[in-house]
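Read through the structure below, which is laid out as structure tokens, and then see the notes.
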Amino acid sequence: MTESITRIHRNCPICNHSESFDHADNKTALWHLKTCRQCGFVFLQDPPNYDALIHDFAWEKTYQTELKRRTAAEPVLSRISQITHFLRHRVFKRNKLARMVRKHIPSGRVLDVGCGSGGQLTRWFNRDYEPWGIEISAFLADKANALFTQYGGQCIHKDAVGGLMSTPDKFFDGIIMMSYLEHEIDARGVCEASFRSLRPGGRLIIKVPNHASWNRRIRNEKWCGYRFPDHVNYFTPHSLSVLIKEIGFEIIQFNLNDRMPTSDNMWMIAQRPKEI
Ligand SMILES: [Zn+2]
């Protein structure tokens, strides 16, 4: 499997520095988890290219393999984690996204970057919104497009930067990135393109794993957020804030409650400043 894939060599995706060192949690010979010498960002240095990600390492496939491995290695912990994951996912997180969108993006065009089959937006949707998505998988993009066009939106079948750049400047009222940025080879490029595509005052909602979580610090290389090679970026509250502010966004909401060290994930609301 590994012999046939094409790898991409990356500098630090946040500051573009070329020098890095092995992260202490780097226990696999196959993938190289690095820490940037300049800014301290943790990232996979040599992930597969986009095509390989789609064809060989689709998240669903890797997740199933990983789930089997964890269940075999730690049956009790794994079972508890599956149940709490299910509850959080089904009951709390879905409501949290809906709540956050309604509060921060009251109406208009909403773009879901990496929208999959489109269910994330439309399962709680109403006519105040025009749903848009970008999806690199042709199969999923077709499904999402069929849903979104019913509400006047559409799904763009491209990589995220290409998709964003194909829309007019200041086009969207809001952009959401749910469990997306950790997968994106060009995380800075996608955030920059999102800034351009948001109208002034438009909001960006990000949910991403928190590499500074206590769970990661305690479990080290066994942390559930490590998913090689699907997850290529490992943000902390600090590095996410630095990236977002450098691009020009204002951080609207990133309270302790949104980045609790007891949670494996964190949420941020940012805004393209109104005056620009
Ligand atoms: Zn860096």
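The values are calculated or read from the model by the stated rules, or taken from the named source; none is laboratory data. Not measured: the values here are computed from a predicted model. Note: ideal-geometry Cβ built from the backbone for every residue, glycine included; neighbour counts use all protein chains shown. Please note that ligands, DNA and RNA were not included when accessible areas were found on the heavy atoms of the full protein model with its side chains. Shrake-Rupley method; radii C 1.70, N 1.55, O 1.52, S 1.80 Å.
If you go through the range 92-146 and keep only what is of a type in the set (A, V, I, L, M, F, W, C) and assigned to a loop (DSSP other than H, G, I, E, B), you end up with Ile105, Cys115, Trp124, Phe125, Ile136. Determine whether the range 138-156 contains at least one residue that is of a type in the set (A, V, I, L, M, F, W, C), out of contact with any Leu (no Cβ under 7 Å at 6 or more places or on another chain), under 30 Å from Glu221 (Cα atoms) and modelled with pLDDT of 85 or more. No, the range 138-156 has no match at all.
Counting only helices (runs of 4 or more DSSP H) that sit wholly inside the range 160-276, those with at least 1 residues that are modelled with pLDDT under 95 and basic (Lys, Arg) are 214-219. Restricting attention to the range 1-45 and to residues that are open to solvent by less than 80 Å² (accessible area, probe 1.4 Å) and charged (D, E, K, R), the residue that is nearest to Tyr226 (Cα to Cα) turns out to be Asp25.
Is one or more of the residues making up the range 49-57 within 16 Å of the ligand (Cβ to nearest atom), modelled with pLDDT of 70 or more, open to solvent by 30 Å² or more (accessible area, probe 1.4 Å) and out of contact with any helix residue (DSSP H, G or I) (no Cβ under 7 Å at 6 or more places or on another chain)?
no
Here is the figure for the range 169-201: residues that are more than 15 Å from Lys158 (Cα to Cα), of a type in the set (Asp, Glu) and in contact with a helix residue (DSSP H, G or I) (Cβ under 8 Å, 6 or more places away or on another chain) total 2.
If I filter the range 94-105 for residues that are open to solvent by 50 Å² or more (accessible area, probe 1.4 Å), over 17 Å from the mean Cα position of the chain (by Cα), over 22 Å from Phe254 (Cα atoms) and at pLDDT 85 or above, do I get at least one hit? If you could, list the steps in order and put the result at the bottom.
Going through the range 94-105, the residues open to solvent by 50 Å² or more (accessible area, probe 1.4 Å) turn out to be 94-95, 99, 102-103.
From what's left, over 17 Å from the mean Cα position of the chain (by Cα): 95, 99, 102-103.
Now restrict to residues that are over 22 Å from Phe254 (Cα atoms): none.
No, there is no match, as no residue in the range 94-105 is open to solvent by 50 Å² or more (accessible area, probe 1.4 Å), over 17 Å from the mean Cα position of the chain (by Cα), over 22 Å from Phe254 (Cα atoms) and at pLDDT 85 or above.
Being of a type in the set (Asp, Glu) and open to solvent by less than 10 Å² (accessible area, probe 1.4 Å) is a property that Asp230 has. Any residue at all in the range 194-205 that is open to solvent by 30 Å² or more (accessible area, probe 1.4 Å) and more than 19 Å from the chain's Cα centre (by Cα)? Checked against the condition, which is being open to solvent by 30 Å² or more (accessible area, probe 1.4 Å) and more than 19 Å from the chain's Cα centre (by Cα), the range 194-205 yields at least one hit.
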